[in-house]
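Note sheet for the following structure.
The values are calculated or read from the model by the stated rules, or taken from the named source; none is laboratory data. From a predicted model like this one, the values you see are computed outputs, not experimental measurements. Cβ placement follows ideal geometry from the backbone for every residue including glycine, while neighbour counts extend to all protein chains displayed. When the accessible area is computed, the model is the full protein with side chains, heavy atoms only, and any ligands, DNA or RNA have been set aside. Shrake-Rupley method; radii C 1.70, N 1.55, O 1.52, S 1.80 Å.
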Amino acid sequence: MVEVQPTRMELIKLKRRIQMAKRGHALLKMKRDGLIMEFRTILEDAKAVIEEMIKKYEVAREKLALAMAVDGAIAVKSIALACHAEPKFTMKRKNIMGVVVPVIKREKVRRSVYERDYGIIGTSARLDEAVSAYEELVDAILEVAELETTLKRLIEEIERTKRRVNALEYKVIPEMEEAAKFISFKLEEMDRENIIRLKKIKTKKAKEQQ
């Protein structure tokens, strides 16, 4: 226990600090519970998005395998080399109960056949379908990346908030309450000593007067 001065002023200050610590503890618990609820909600969304991404991945593999088998590897590689476009996105921020998480504002990767970097003449529908499938897959991957980053930030903040709640609940507040009890005990002891001393003085004066 930290050494404290057993004075009434110190006791008043300590009681105020205990009240503030308890209010802070209650607010942190509310924040922790709110973050956990938010995490669970986003986690459910993430599960659905990941499942959808896996489905799109399987479809893309099938489309690519079909194009490779029928049109040949050279045709597929030519299309792949012709596609130079990269995903375009901007990073913004969103505040979730004091936690700043990234929000990806992106343009859809999937484009129409006429917007792509290769000519439609001389390409088959199978190649176009394979390209479309992989464009959809990239869109899904970006969405999953955003949700995973958000979940990671929330987990970090939840753990940080838990540590602060536990520190207040099991260390800071109990130590301050113990210090307050110590001061109260010392003050009561000093009061008793003063009463005994005053009684002795009073008795002494009474004897002197007699």
Checklist entry - What is the one condition in (1) open to solvent by less than 80 Å² (accessible area, probe 1.4 Å); (2) modelled with pLDDT under 85; (3) in a helix (DSSP H, G or I) that Asp139 does not satisfy? => result (2)
Checklist entry - What number of residues within the stretch 95-128 are modelled with pLDDT of 70 or more, crowded, with 17+ Cβ neighbours inside 10 Å and within 18 Å of Val70 (Cβ to Cβ)? => result 4
Checklist entry - Using beta carbons and a limit of 9 Å, which pairs, at least six apart or on different chains, have the first residue in the stretch 170-188 and polar (S, T, N, Q) and the second one outside any helix (DSSP H, G or I) and open to solvent by less than 70 Å² (accessible area, probe 1.4 Å)? => result Ser184/Pro6
Checklist entry - Within the stretch 28-61, how many residues turn out to be touching a residue at least 24 places away in the same chain (Cβ under 8 Å) and charged (D, E, K, R)? => result 7
Next on the checklist: So, in the stretch 12-39, exactly how many residues are more than 20 Å from Val100 (Cβ to Cβ), open to solvent by 50 Å² or more (accessible area, probe 1.4 Å) and not aliphatic (A, V, I, L, M)?
Outcome noted: 8
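Would you call Gln5 modelled with pLDDT under 90, open to solvent by 100 Å² or more (accessible area, probe 1.4 Å) and over 30 Å from Glu148 (Cβ atoms)?
Numbers: modelled with pLDDT under 90: yes; open to solvent by 100 Å² or more (accessible area, probe 1.4 Å): yes; over 30 Å from Glu148 (Cβ atoms): yes.
Here the answer is yes, as Gln5 does meet what is asked.
Could you please let me know if Leu64 is touching a helix residue (DSSP H, G or I) at 6+ places or on another chain (Cβ under 9 Å), over 20 Å from Glu156 (Cα atoms), touching a residue at least 60 places away in the same chain (Cβ under 8 Å) and assigned to a helix (DSSP H, G or I)?
Spelling it out, Leu64 is indeed touching a helix residue (DSSP H, G or I) at 6+ places or on another chain (Cβ under 9 Å), over 20 Å from Glu156 (Cα atoms), touching a residue at least 60 places away in the same chain (Cβ under 8 Å) and assigned to a helix (DSSP H, G or I).
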